[in-house]
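Chemist: A single structure is presented below for examination.
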Amino acid sequence: MNTLQFNHTAAQLSPSGGGGGGLNGRKEFTITVYTENQVGLLNRIAIIFSKRKINIDSLNTSPSEVDSVHRFTIVINETEEVVRKLCRQIEKQVEVLKAYYNTNDEIIWQEMAMYKVPTDVIAEHVKVERLLSQHGAKAVVIRKDYTVFEVAGQREETDNLIKVLEPYGLIEFVRSARIAIIKSSDGFHNKLKEFEYKEPGEVVIENEYLSENEKVFSM
Amino acid sequence: MEILEKIKQPATSESKNPSASIPTNSGEGREVSGSEAVLDACVQEGVYTIFGYPGGAIMPIYDALYDYKEKLQHILVRHEQGAIHAAQGFARASGKTGVVFATSGPGATNLVTGLADAMIDSTPLVCITGQVFAHLLGTDAFQETDVINITTPVTKWNYQVTDATEIPAVLAKAFYIAGSGRPGPVLIDITKNAQLQKFQYEGYKKCDHIRSYRPKPIVRKEYIEEAAKLINEAERPFVIFGQGVILGKAENEFKQFIEKGGLPAAWTIMGMSAIPTDHPLGVGMLGMHGNYGPNVLTNECDVLIAIGMRFDDRVTGRLDKYAKQAKIIHLDIDPAEIDKNVKATVGVWGDCKETLPLLTELLQQKVYPTWLQKFHDFMAKETEKCIQPELNPTGDTLTMGEVIKTLNELTNGDAIIVTDVGQHQMVACRYAKMNHSKSNITSGGLGTMGYALPAAIGAAYGDPSRTTVAIIGDGGFQMTLQELGTIMQFKPNVKILILNNQFLGMVRQWQQLFHEKRYSFVDITSPDFVAVAKGYYIDGQRVSERDKLKYALQTMLNHDGSYLLEVMVGKENNVFPMVPQGRGVAECVLSKEEI
Ligand SMILES: Cc1ncc(C[n+]2csc(CCOP(=O)(O)OP(=O)(O)O)c2C)c(N)n1
Ligand SMILES: [Mg+2]
């Protein structure tokens, strides 16, 4: 458990091994990366994919439960062999703590979607309200002119609701990137806390001078 | 289940608690500028030589340098590419980290080729670039370039400093990252305001630990045991080694390993000189223009032991025809290399300075006379078909091989050989005799023409106790010959040996062999190189006759200071053996008729 292992099995980095799907076929993988919170790291990770002309289907990055540690969730379609090598390259970056990859059956995942629809249409059609509640939609904002609903779910589910709402004057739609919980993630939270406690992360230093361009002398 | 393992890993000897860092007593509590902090960091890191070129955005650092003339030697190059290649040559000859200063915009973009070269050849560098004032970032200010984003793919780490207080810790990190684990180039971009800004200096603390970075692991004994078992059971074991042995400063450990195990060992171009080229177990060079035996017998060994090398395609040829019969042991400090190109039966992740002695301890003392003889038999064939005609030609024109042979006779294998890229590089690496580690300085992974002249300048500073010979083609010399100006001004002792075949020879060879001799823009013309050198007050001469060669080389070596010798060689000679692109290593050919 202390060190990476290098047997022939490609699944060493995956908490519970490959699982599902053939080794040679491409399939959807979710890559979870813990990193330091540093300017430029997003680019450093993104170019590992673009260098190989791999399209990123979905990318979420935000602080983990520990402020100084960020968690990336990256979804791509590739073979396990390629994904395994990508994770090694990601993990090799100085400011990356750890990279995992998982197939869809090894994770619980969700995307969040928001739908903006005209309020009068909903008010008129009782059916719409029923449809919305069938899809688990919850109103976030209700105004005279429009209402915003949110739904969390997998791609198909949020897609379906678009189709449902289209005939009723859907105004705007937005979907977030995937976030995922790894089913076999025993101890992640405690490890992170312990890690941060033992050695707190560095604060991000941002450019303090951008708004001072008229006050500063330069040549 | 494996979780957050960098997190879990207890501190190794190299990654101690940060509180264990040693504060140095330089100027504590003093008010200094960011620029002075940069220079003090260099001094504290033991840097003496810096290669650089000034400009607007790095002027505060150059201003501070004016007062550091005693402590730091700055070599003013003629182009920033020259600075970074010089720093690379310095690093490769000395085993230390090379340091470069350049200005923003064009100064910084001129570093990119060298960064890419250092990245792929794992050369430790710290490059400091000036940047426009922090408040101007993103305004398309004069000489503003997004250097961090341009260099991200070609640096091991990079960072932009906008506040002077960051400088000591960031530079400490830079030196630590560049030199530890698998080394590589680091770039620190410092905005001009941070260079000028005064702050309360608490002294410089070297970095020896970064919580998210593990330069090397604690070695796992079970993999060592598995590897030893495979080697002990082998009948035809074969060691292939790369620069990792040199970078790990594990030359002795490596020698003891192959000598105890009686293991035939071949080097990659980057591993060359880790053991003397005439070591009885050294069976030659691998790769496209390597030796016949090591290439062919890669596909006959039963256990292939790869050490500090990365299975580059120039070494493996076609992967589906590479060592398929063999069990493969791969020792590397970079876990991303293990299983990257060739699947390892046993991967030993670690610093070979640590893993090799552990492995040697478990080895049975052995010899494999019949197996070793096979290498000798292949060498005999190669000698007859390729080596003999190259080293002892019967035609009138000189061959590159005989120039190298004669050079060997005069240097006795004690010189640092810096090569450029092309046929002369392959010939030099095939035939040069090397007795000491760090003798072979060449652009291996990137194949950067124009590398040799500046790298040789750097090597001359990196190890002034040895003779530095730069072997360069007529094409490549014209890519960075402006660095003759650096030689003129600072007088490093560099022996420049141009092997002039009046062609971009390596490309011409490919056009001849694979493009029906359609010589498309490879007949490059050259100036009078001796006259050019003379213009820079560097002595030199041109030879084309065999009976004058040895004396000319002797004159070059004996000359007090730098010297340029241009040797006219056969125009259309080819380098053989060759593993043609797309073929397996066993399909190595000895002549063009076999292609
Ligand atoms: C910067 C760069 N541009 C192009 C090449 C492609 N290239 C490889 S070898 C070679 C010919 C080199 O000619 P020369 O320097 O005369 O050496 P020779 O092969 O004749 O010994 C070329 C053009 C390269 N390696 N590097
Ligand atoms: Mg040439």
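The values are calculated or read from the model by the stated rules, or taken from the named source; none is laboratory data. On a predicted model such as this, the values are computed, not experimentally measured, just so you know. Every residue, glycine as well, gets a Cβ built from its backbone with ideal geometry; the counts of neighbours run over all protein chains shown. Side chains included, ligands, DNA and RNA excluded: accessible areas come from the protein's heavy atoms. Shrake-Rupley method; radii C 1.70, N 1.55, O 1.52, S 1.80 Å.
Chemist: Say R0 is 51 Å: what FRET efficiency, to the nearest 0.05, do A:E214 and A:N55 get from their beta-carbon distance? Could you put the intermediate results ahead of the total?
Modeler: Numbers: r = 42 Å, r/R0 = 0.83.
Step by step, r from the Cβ atoms, then E = 0.75.
Chemist: Hey, another quick one. Quick check on the stretch B:139-270: of the DSSP beta bridges with both residues there, what percent are antiparallel, nearest 5%?
Modeler: 10
Chemist: Of all beta bridges DSSP finds with both residues in chain B, what is the antiparallel percent, to the nearest 5?
Modeler: On the way: 8 of 76 bridges.
Counting DSSP beta bridges with both partners in chain B, the antiparallel share is about 10 percent.
Chemist: What part of the accessible area of the stretch B:458-595, given as a whole %, is carbon or sulfur when the probe is 1.4 angstrom?
Modeler: On the way: 3060 of 6160 Å².
Solvent-exposed carbon and sulfur of the stretch B:458-595 make up 50 percent of the total.
Chemist: Can you tell me the accessible area per residue over the protein assembly as shown, all protein chains present, probe 1.4 angstrom, in square angstrom?
Modeler: Accessible area per residue, the protein assembly as shown: 40 Å².
Chemist: Starting from the Cα of B:N149, step 7 Å along the direction of its Cβ; do the same at B:L513; then give the gap between the two resulting points in nm.
Modeler: Placing both labels 7 Å along Cα→Cβ, they lie 4.2 nm apart.
Chemist: Using only protein heavy atoms and a 1.4 Å probe, how much accessible area in total is buried between B and A, to the nearest 100 Å²?
Modeler: Details: alone 23770 and 14080 Å², together 32850 Å².
Using a 1.4 Å probe, the pair buries roughly 5000 Å².
Chemist: Something else: Two decimals is fine: what's Rg over Rh for the stretch B:367-469, C-alpha atoms, Kirkwood radius as Rh?
Modeler: Using only Cα positions, Rg/Rh for the stretch B:367-469 is 1.03.
Chemist: Rg(Cα) of the stretch B:245-297 divided by 2.2 N^0.38 Å? Could you put the intermediate results ahead of the total?
Modeler: Numbers: Rg = 10.8 Å, N = 53, 2.2 N^0.38 = 9.9 Å.
The reported ratio for this selection is 1.08.
Chemist: Restricting to the protein assembly as shown, what percent of DSSP beta bridges are antiparallel, rounded to 5?
Modeler: Bridges in the protein assembly as shown are about 45 percent antiparallel.
Chemist: May I pose another question? I want to make sure I understand the PRE zone here: with the label point 7 angstrom from the Cα of A:K127 toward its beta carbon, which residues in the stretch A:147-180 have backbone N atoms less than 17 Å away?
Modeler: Inside the label zone: A:161-170.
Chemist: Would you work out the relative contact order for chain B, in percent, from Cα pairs under 8 angstrom that are 6 or more residues apart?
Modeler: Reported relative contact order: 14 percent.
Chemist: Still on this structure, I have one more. Please compute P(r) over all alpha-carbon pairs of the stretch A:88-219, binned at 10 Å starting from zero, and give each bin as a whole-number percent.
Modeler: Taking every Cα pair in the stretch A:88-219, the percentages come to 10, 25, 18, 20, 20, 7, 0.
Chemist: For chain B, give the magnitude of the charge dipole about the Cα centre (Cβ charges: +1 Lys/Arg, -1 Asp/Glu; no others), in debye to the nearest 20.
Modeler: About 580 debye.
Chemist: Also, I was wondering about something else. Would you mind getting me the FRET efficiency between A:E199 and A:E157? Use the beta-carbon distance for r and R0 = 25 Å, nearest 0.05. Before the final figure, lay out the partial values.
Modeler: Working: r = 41 Å, r/R0 = 1.66.
Efficiency, rounded to the nearest 0.05: 0.05.
Chemist: Using only the C-alpha atoms of the stretch A:73-130, find the volume of their convex hull and express it per residue in Å³.
Modeler: Numbers: hull volume 8.6 nm³, N = 58.
Cα-based convex hull of the stretch A:73-130, divided per residue, equals 148 Å³.
Chemist: Let me ask you something else. Could you work out the relative contact order of the stretch A:74-219, using alpha carbon pairs under 8 angstrom and six or more residues apart, expressed as a whole percent? The partial results should precede the final answer.
Modeler: Numbers: 147 pairs, mean separation 39.9, N = 146.
Computed over the stretch A:74-219, the figure is 27 percent.
Chemist: So which of A:K27/A:K163; B:K216/B:K343; A:K51/B:K229 end up more than 29 Å apart by C-alpha?
Modeler: From A:K27/A:K163; B:K216/B:K343; A:K51/B:K229, over 29 Å: A:K51/B:K229.
Chemist: Could I ask something else about it? Using a 1.4 angstrom probe on the protein heavy atoms only, line up A:W109, B:W510 by accessible area, largest first.
Modeler: On the way: A:W109 25, B:W510 60 Å².
The ordering from most to least exposed comes out as B:W510, A:W109.
Chemist: Moving on to the next point. Rounded, prolate or oblate: which one fits the stretch B:67-135, using the alpha carbon gyration tensor with axes a ≥ b ≥ c (rounded when a/c is under 1.5, else prolate when a/b beats b/c, else oblate)? Provide the component values of the computation, followed by the final result.
Modeler: Details: a/c = 1.85, a/b = 1.16, b/c = 1.59.
Note, shape of the stretch B:67-135 comes out oblate.
Chemist: Take the eigenvalues of the Cα gyration tensor for chain B, scale each by 5, and report the square roots as semi-axes in whole Å, largest first. Don't skip to the end; give the middle numbers.
Modeler: Numbers: eigenvalues 309, 215, 78 Å².
Semi-axis lengths for chain B are 39, 33, 20 Å.
Chemist: Also, quick follow-up: Treating only the Cβ atoms of Lys and Arg (+1) and Asp and Glu (-1) as charged, compute the dipole magnitude of the protein assembly as shown about its Cα centre; round to the nearest 20 debye.
Modeler: For the protein assembly as shown, the charge dipole is close to 1140 debye.
Chemist: Calculate for chain B the 222 nm mean residue ellipticity that helices alone would give, adding -39,500 (n - 2.57) per DSSP H run of length 4 or more and normalising by residue count, nearest 500 deg cm²/dmol.
Modeler: So the calculated ellipticity at 222 nm is -10000 deg cm²/dmol.
Chemist: If R0 is 56 Å, what FRET efficiency do you get for B:E235 and B:A531 from their C-beta distance, rounded to 0.05?
Modeler: 0.40
Chemist: Next question. Could you tell me what percent of the accessible area of the stretch B:165-286 is made up of carbon and sulfur, with a 1.4 Å probe and every protein chain present?
Modeler: The nonpolar share, carbon plus sulfur, comes to 52 percent.
Chemist: Over all directions, the average projected area of the alpha-carbon convex hull for the protein assembly as shown comes to how many nm²?
Modeler: 39.3
Chemist: In percent, how large is the relative contact order of the stretch B:459-595, given Cα pairs closer than 8 Å and 6 or more residues apart?
Modeler: 25
Chemist: If I compute solvent accessible area with a 1.4 Å probe over the protein chains, what percent of it on the stretch A:116-208 is carbon and sulfur?
Modeler: Numbers: 3170 of 6150 Å².
Of the solvent-accessible surface of the stretch A:116-208, carbon and sulfur hold 52 percent.
Chemist: For B:V32, what charge total do you get from the other residues with a beta carbon under 9 Å from its beta carbon, if Lys and Arg give +1 and Asp and Glu give -1?
Modeler: -1
Chemist: Kindly identify residues of the stretch A:83-100 having a loss of at least 30 Å² in accessible area between the isolated chain and the assembly of all protein chains, probe radius 1.4 Å.
Modeler: A:R84, A:K85, A:R88, A:Q89, A:K92, A:V94, A:E95, A:L97, A:K98, A:Y100
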